[in-house]
Every structure is written in structure tokens, then in C-alpha cells.
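The values are calculated or read from the model by the stated rules, or taken from the named source; none is laboratory data. Note that the structure is a prediction, hence the values are computed from the model and not measured. Here the Cβ positions follow ideal geometry from the backbone for every residue, glycine too, while neighbour counts run over all protein chains shown.
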């Protein structure tokens, strides 16, 4: 730890291979980050060998060094064949709670996706207005269309098919494809 220089060097960080991917390295690093934030040291520097670069990237380290070279030159050893990496700590991030927060966010996103898919899969009754002689209706009048997230845009207005017969043929072909599930399989 070099408090006057505003950084700490991670000299050696290893987790035995049979204990890797269990979260011990992340747990240790997150506690180390919190400790350093309390002591107002907001940068870690480390030299990572080719096998450790992936781990350090997952911990927020980058090959882009923001600490001026003058602050660490003469303080840390330059290792041959290793890559200098830096981690800038953010005092607003609760690092020891980060794994739990991310897990909770993933659960929320999964539930939102499931809820959205349930809305999209809702089956609406067919339109009856065409039996009464109506040739066309605005897309936004189709029940359920807005629930899918569809919104009119300038681009779509430019591509709008003006000829009702051309639209009829296009939709007829689309319906035939849907019935054979070619399109359904493409999207699900």
C-alpha cells in the first residue's frame, strides 16, 4: 500500500485451482476494495501474467492505466512478460454487497422478461371488421399490438404499403408462413 501515491499494488493473488470459480477470489477482492475506499486509496495496480488477466478483468481491472507513471515508477517492480493492469475504485459502489446486488438484478430482469413474454403470447380474438367490408384499419387499432412494444415511427410510415391489394397479398403470404411455423421458429 502506498498511501502517499494513492494506490496499492496487488503483488500476489492466487486461488488454488480446485477452489476457483467458487467466488473466493471475488469475495477477497471486494473486501480489499472496501478497505481501501475507507482509507481513501482508490487505485490498485498489478502485474498479471497471461493466466491471471481474465480474473483481473472480471474484478474491474483494465490494461488502460490512468495513474500517472510518475506516481508508481520506482514504487512497483516491472515484471517481464506480465501485463500492468489498473482498477479504479468507486466509493459509491458497495463492493462487499455487489455479488448479491447483481444476483438480485438478474432475478428482477428474468421476471420482467417472463412477464413481457406472457403478455406477448396472449391470444386475441380475430378482427371482425373485415367481414363487414372494411378494407383496411390503422395498425395501432389491432388489439394487443401496443402491448408487444410496437410504436409507430417515421421510418415505418415511409415504408407503408399504400396499395390495399399489395398489402393483402403480403399479409396472406405472412399468414401462410405463420401457419407453417417458419416464422414462429425463427423468433422462438
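In the set 37, 10, which member is over 18 Å from residue 102 (Cβ atoms) and in contact with a strand residue (DSSP E or B) (Cβ under 6 Å, 6 or more places away or on another chain)?
Criteria check complete, one pass: 10.
Are there any pairs with C-beta distances below 8 angstrom linking a residue in segment 165-188 that is within 19 Å of residue 127 (Cβ to Cβ) to a residue that is modelled with pLDDT under 75 and in a loop (DSSP other than H, G, I, E, B), with the two at least 6 apart or on different chains, and if so which?
Once the first residue is within 19 Å of residue 127 (Cβ to Cβ) and sits in segment 165-188, its partners that are modelled with pLDDT under 75 and in a loop (DSSP other than H, G, I, E, B) give 167/161; 170/161.
Could you tell me which residue of segment 154-188 is surrounded by the fewest Cβ atoms within 10 Å (Cβ to Cβ), considering only residues that are modelled with pLDDT of 70 or more and in a loop (DSSP other than H, G, I, E, B)?
The extreme case among them is 162.
Count, please, the residues in segment 140-149 that happen to be under 16 Å from residue 167 (Cβ atoms), out of contact with any helix residue (DSSP H, G or I) (no Cβ under 8 Å at 6 or more places or on another chain) and surrounded by 12 or more Cβ atoms within 10 Å (Cβ to Cβ).
1
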